Amino acid sequence: MLFSSCATQSEPPPARTKSDLSGVAINHFNWFKGKLYAATDKGLYRKTKADTLWTSLGLQQKEVINVVFLPGEELLAAVRITFFSGGPPSLFLSTNNGRSWKSYMNNYGGETDVTWIGSITATSKPSDTLFAHLGVNIAKSINSGESWATMGGLQ
C-alpha cells in the first residue's frame, strides 16, 4: 500500500502537540526538576524520562535560543531575531508552564534600544539573577527580568 497526502496550507501544530523533533535544530538543552527542555529553531519542547515524544511548550514560529527558570515556576525564553535594535521582542515569559507566552522586554537594552539577544543564562535553577549577551555588552537582571542594567562592553 502507498499513502500520499497533499495540503494547500501549512499551519503550525497547536500547543501541547507531541513530536519526535525530526528535522528540528536544537539550540540548547536544559535539565530542570526531572524534565529535559529543548530550545529549538521551531519553539520550546519538554520531555520527561518516561515520555517517548516531546511536548511542545509553544513559540513554534520562533527560534528559541535558550530558556531560563525563574522563581514561581515561571519560564523566560530568549528567541533569535534578525534586528539588532528597535526590532521585535526577543524575550518571552510564561507564568503557566508554557501554555501561553507574552513579550517580556521591560527595559532590556536600556537607552540603546537594542532588542537582539545572543544568549541568556541564570545563576542557578530557579533564579531571579539573569545575564544576557547584548551585542558587545552584558545585560544583568536581579529581579527575574523585570528590569535590566547594562554592565559594559567586552572590548
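The values are calculated or read from the model by the stated rules, or taken from the named source; none is laboratory data. This one's a predicted model, so the numbers in the text were calculated from it and none came from an experiment. For neighbour counting, all protein chains shown are included, and Cβ atoms are generated from backbone atoms with ideal geometry for every residue, glycine included.
So the values come out like this:
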item: Count of residues meeting criterion [closer than 25 Å to residue 126 by Cβ, of a type in the set (D, E, K, R) and part of a strand (DSSP E or B)] in segment 17-43; result: 1
item: Long-range neighbours under 8 Å by Cβ, at least six apart or interchain, first residue over 11 Å from residue 148 (Cβ atoms) within segment 100-121, second in a loop (DSSP other than H, G, I, E, B) and of a type in the set (Val, Ile, Thr); result: 115/81; 116/81
item: Any hit, segment 141-148, residues being of a type in the set (S, T, N, Q) and free of Cβ contacts under 8 Å to residues at least 40 places away in the same chain; result: yes
item: Unmet criterion (only one of (1) at pLDDT below 95; (2) under 25 Å from residue 33 (Cα atoms); (3) among the aliphatic types (A, V, I, L, M)) for residue 114; result: (2)
item: Some residue of segment 6-15 being modelled with pLDDT of 95 or more and crowded, with 16+ Cβ neighbours inside 10 Å; result: no
item: In segment 125-155, residue surrounded by the fewest Cβ atoms within 10 Å (Cβ to Cβ) [restricted to those that are in a loop (DSSP other than H, G, I, E, B) and over 17 Å from the mean Cα position of the chain (by Cα)]; result: 155
item: Test for residue 134: is it touching a residue at least 60 places away in the same chain (Cβ under 8 Å) and under 15 Å from residue 65 (Cα atoms); result: no
item: Condition check for residue 69: surrounded by fewer than 22 Cβ atoms within 10 Å (Cβ to Cβ), modelled with pLDDT of 90 or more and assigned to a strand (DSSP E or B); result: yes
item: Filtered residues of segment 35-66 (kept if surrounded by fewer than 17 Cβ atoms within 10 Å (Cβ to Cβ), over 29 Å from residue 114 (Cβ atoms) and at pLDDT 95 or above); result: 35, 36
